[in-house]
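Student: Before anything else, here's the structure in question.
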Amino acid sequence: GVRQTWPAAVIIGLAFAITQWVSATWISVEMTGLAAACEHAAREVSDGAGVHTGRIASGDQFIASVAQRVRIVEQFGALAAEMEGAAMAQACARMGVPWAVVRSISDSADAGAVADFPAFLGMAAERGVALARELVRGGA
């Protein structure tokens, strides 16, 4: 339930926010450099999990059907869909801050989802922290 998963979700969000702040404050790279740095760092900490680079659709709906997923892929060419990135991207764009969205994907946007979501959140939080450390260590 929510009580079991919110701490990990907050950790993931904080790790991402810290990464964004560090990269914007001290690293100051171009968008293409930031994307490349995020991809490199993700590959370094992935433990063999797939790392994909491309467009992520962001909107105000939870995508849980094959029809919705197919429409989003066809219309936008998105590799994934999420609900938080657009607000962060808009704020960063207005402030002139480079930004990137890095996601740990929990399901395939259909009826199937991770069986043990709290365990997934824990793993995603650990990888998020490792990603942030790798970005700072690597100099992004």
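The values are calculated or read from the model by the stated rules, or taken from the named source; none is laboratory data. The structure displayed is predicted, hence computed values, not measured ones. Every residue, glycine among them, receives a Cβ derived from its backbone with ideal geometry; neighbour counts consider all protein chains shown. To get the accessible areas, we keep the full protein, side chains included, count just its heavy atoms, and leave off ligands, DNA and RNA. Shrake-Rupley method; radii C 1.70, N 1.55, O 1.52, S 1.80 Å.
Student: Sort out which residues of the stretch 36-51 are more than 10 Å from Leu135 (Cα to Cα), hydrophobic (A, V, I, L, M, F, W, C) and surrounded by 13 or more Cβ atoms within 10 Å (Cβ to Cβ), and write them in order of number.
Tutor: Passing the criteria: Ala36, Val45, Val51.
Student: Sticking with this structure for a sec: Out of all the residues in the stretch 52-72, which are among the hydroxyl-bearing types (Ser, Thr, Tyr) and either in a helix (DSSP H, G or I) or open to solvent by 80 Å² or more (accessible area, probe 1.4 Å) (or both)?
Tutor: In the first step, residues of the stretch 52-72 are kept if they are among the hydroxyl-bearing types (Ser, Thr, Tyr); the result is 53, 58, 65.
Selection gives Thr53 alone.
Student: Could you check Gly139 against (1) at pLDDT 80 or above; (2) more than 18 Å from Thr53 (Cα to Cα); (3) open to solvent by less than 50 Å² (accessible area, probe 1.4 Å) and say which number it fails?
Tutor: Here Gly139 clears every test but (1).
Student: Could you list, in sequence order, the residues of the stretch 78-99 that are outside any helix (DSSP H, G or I) and out of contact with any Asp or Glu (no Cβ under 9 Å at 6 or more places or on another chain)? Give the steps one after another, and end with the answer.
Tutor: Taking the stretch 78-99 as the starting set, the residues that turn out to be outside any helix (DSSP H, G or I) are 78-84, 96-99.
Answer for the stretch 78-99, where residues must be outside any helix (DSSP H, G or I) and out of contact with any Asp or Glu (no Cβ under 9 Å at 6 or more places or on another chain): Ala78, Leu79, Ala80, Ala81, Glu82, Glu84, Gly96, Val97, Trp99.
Student: Filtering the stretch 108-136 down to residues that are farther than 16 Å from Ala42 by Cβ, of a type outside the set (A, V, I, L, M) and touching a helix residue (DSSP H, G or I) at 6+ places or on another chain (Cβ under 9 Å), which residue is modelled with the highest pLDDT?
Tutor: Filtering the stretch 108-136 for residues farther than 16 Å from Ala42 by Cβ gives 108-122.
Subsequent filtering for residues that are of a type outside the set (A, V, I, L, M) retains 108, 110, 112, 116-118, 120, 122.
In the following step, the residues that additionally are touching a helix residue (DSSP H, G or I) at 6+ places or on another chain (Cβ under 9 Å) were identified as 108, 110, 117-118, 120, 122.
Values: Ser108: 66, Asp110: 63, Phe117: 74, Pro118: 79, Phe120: 76, Gly122: 83.
The qualifying residue modelled with the highest pLDDT is Gly122.
Student: Which of (1) part of a helix (DSSP H, G or I); (2) modelled with pLDDT under 80; (3) open to solvent by 50 Å² or more (accessible area, probe 1.4 Å); (4) over 22 Å from Arg133 (Cβ atoms) is the odd one out, the single condition Gln75 does not satisfy?
Tutor: It fails just one condition, (2).
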